[in-house]
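Asks: The structure that follows is given in the form of structure tokens.
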Amino acid sequence: MCGIVAFVADHSIEERTVHALEKLEYRGYDSFGFAFAGDDGFEIVRGVGPLSESTARLIAGGLPPTGTAIAHTRWATHGKVSVPNAHPHRSFDGKFAVVHNGVIENYLELKRDLTAGGVVFASETDTEVIAHLLARHYAAGGDLDAALFATLGELSGEFGLAITCVDRPGLLIGVRRLSPIAVGIADDAGYICSDPVAVAGQDGWITYLEEDEIAFVTHDAVRVVSFTAPDFPGRTPERLPLDTVAEASDLGAWPHYMIKEINEAADAVRNVAAMSHETFAPAVERLADSDIALVGAGSSHYVCMLGQYFFHQIAGRRATCHSADEFMNLARLDADSILISISQSGETYDTLRVMEYAQADGAKLVSINNVAGSTAQRMSDFPILQGAGREVCVLSTKSVVSQTAIAWRLAAELAANGRPADMGDLTALAAQLDLLVQGLSPTIRDVAERYRWIEHWFFLGRGIHWPVAAESALKFKEVSYIHAEAMPAGFLKHGTISLIDEKFFTVAFIPNAQHDPESFAHVVSSLHEIAARGGNIIGFGHDLPSTFPEGLLEAYIELPSVSKFMDPIIQLVAGELFAYHGAVKLGRNIDRPRALAKAVTVR
């Protein structure tokens, strides 16, 4: 969460900094801020709300001319959303300005010590202690490097930092501990960023800091050293060309990125089908001889749940799946294990911690990510890049579909026992997704708009359709801000059915009766239990409406069908459309829902 960008050049970069930070707004849009370095110190410009709503005003009002600037867009953790809590934060002596992603775990202890020494704090954030510590250590010795190493040695937690000092014009300092930071040279300027999309499309190179590294960046050079070993001579950074960084696509004629990206799901599936057998073969060879575990967080966790069913029902293999935030409390891996980690950004904090945990115990890593060069991709023994195209909307849609298709393909390739898996079902799925979003979107919109006023929902599925219900409920909650609870259809009768009345609605994801007759019968039985108590049901299924008893369903949307394992993916997209259209009618902020950020890089 939160976005960092900083530039240093021998020419003016103030407007460039503003536009680069705009590209990171999906990382957090509670507030924003800039520190522009000048001859008389820093000029701090901050505001509450999305930067994009203020960009034109800021530029028209005249930005302070500068060749050195740091900037930040915030997703609030410590302290309410306010101008004083917006980054950058300045030290008590005005010599340092700092922006920070992450959490300083011992900030209260540090704050008490600084306050006892006479430092007055201007914010409620944990970040401000960093600026004041730098100033205190710098005042004690006048040595910038010593002040940096002393300050970083006092911090506990995770942090990605960009720092400037008035006494060192033309220098930026970037720091990484458990929070991604990249540095490099782009269009004749040195830069620091938390996400390379900030400099996508520019001419130059990028390198990613490893754990506990510090970068000293000037307009034409980058020096990288370890801050836990000050005597370390440094390393020569690997220079990756910036043309490998994907730019965000234009919105075009679409009203929101969410619906644009839902419409791109079919192409994301085609991209997975087009991946060569050799792309998967090394991972599949290791999967054949290993205990399999899957890990993800949020939507990616539900993809992992789908992966469990794929491995069991297609390849006959047991796979363990836990949410990343609880994985280490529940599972132990060893050298005979392989961990499949799934994260759209490849920077999800909880997922990266599980990867480190597994790697330390000798397990091999497969990563499925949509961002080239991400931490997860670099850590992995068998990295798999989704190739879904950059996703701008904070809610993952086409990325979830792509991840699910890759999870299916891993299981299918494993079942094929060394031969290329048949891609016929994936190709057919892509065609049906095109038909779904083009032909059924108006029908789904009508149902979503008609029942948008309902305050409480159950989302039900059984078997492989249970993760579909869970992911669809999550999308619905994220974008509509309405309460929805997902559960397996068979779980309903074990207590929660007491909530059912005429005001409580249920969305049911129903298997195709021909592909999975047993699950179909069980789900319909659960729906009868709901109807018997006055509950209203909206069904998403693949059979004719006449298949269901008259009066059982309040509304029914008949979806296309491909196969037992492709139909859940069709339902995923239908669930995305249902969430989207209801939220549009409710007037929600579709691409930037409240309190959410695209990449969750804090614990």
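Asks: Only residues that are within 14 Å of I384 (Cα to Cα) and either in contact (Cβ under 8 Å) with a residue 40 or more places away in the chain or surrounded by fewer than 24 Cβ atoms within 10 Å (Cβ to Cβ) (or both): list them for the stretch 339-364, please.
Replies: L339, I340, S341, I342, S343, Q344, S345, K364
Asks: Going by what's in this entry, would V354 be described as of a type in the set (A, V, I, L, M), closer than 17 Å to G307 by Cα and not in a loop (DSSP other than H, G, I, E, B)? Walk me through how you get there before you give the answer.
Replies: On the way: of a type in the set (A, V, I, L, M): yes; closer than 17 Å to G307 by Cα: no; not in a loop (DSSP other than H, G, I, E, B): yes.
Considered against the rule, which asks whether it is of a type in the set (A, V, I, L, M), closer than 17 Å to G307 by Cα and not in a loop (DSSP other than H, G, I, E, B), V354 comes out as no.
Asks: Restricting attention to the stretch 328-342, which residues are not aliphatic (A, V, I, L, M) and not in a loop (DSSP other than H, G, I, E, B)?
Replies: Within the stretch 328-342, N329, S337, S341 meet the criteria.
Asks: Read through the list (1) over 30 Å from L433 (Cβ atoms); (2) in contact with a Ser or Thr (Cβ under 6 Å, 6 or more places away or on another chain), then give the number of the only condition that T228 fails.
Replies: (2)
Asks: Here's another thing I want to ask about it. Which one of these is loosely packed, with under 15 Cβ neighbours inside 10 Å and on the phi < 0 side of the Ramachandran plot: D203, D188?
Replies: So the residue among D203, D188 that is loosely packed, with under 15 Cβ neighbours inside 10 Å and on the phi < 0 side of the Ramachandran plot is D203.
Asks: Based on this model, can you work out whether V81 counts as under 26 Å from the mean Cα position of the chain (by Cα) and in the same structural domain as A221 (by TED's automatic domain parsing)?
Replies: When the stated conditions are applied, V81 passes them.
Asks: Out of the helices (runs of 4 or more DSSP H) lying entirely within the stretch 216-323, which hold 2 or more residues that are assigned by TED's automatic domain parsing to the domain that holds G184?
Replies: So the answer is none; nothing clears 2.
Asks: Any chance you could count how many residues in the stretch 514-523 are within 35 Å of the chain's Cα centre (by Cα), of a type in the set (A, V, I, L, M, F, W, C) and surrounded by fewer than 21 Cβ atoms within 10 Å (Cβ to Cβ)?
Replies: Number satisfying all stated conditions: 0.
Asks: Kindly indicate which of G170, G174 is in a loop (DSSP other than H, G, I, E, B) and closer than 15 Å to T68 by Cβ.
Replies: After applying the criteria, what remains is G170.
Asks: Would you check which residues across the stretch 126-149 are of a type outside the set (D, E, K, R), part of a helix (DSSP H, G or I) and within 16 Å of K111 (Cα to Cα) and list them?
Replies: V129, I130, A131, H132, L133, L134, A135, H137
Asks: Right, next: Against the conditions (1) in contact with a His (Cβ under 9 Å, 6 or more places away or on another chain); (2) within 25 Å of N589 (Cβ to Cβ); (3) touching a residue at least 40 places away in the same chain (Cβ under 8 Å), where does D446 fall short? Just the number, please.
Replies: (3)
The values are calculated or read from the model by the stated rules, or taken from the named source; none is laboratory data. Fair warning: this is a prediction, and the values are worked out from it, not measured in the lab. Every residue, glycine as well, gets a Cβ built from its backbone with ideal geometry; the counts of neighbours run over all protein chains shown.
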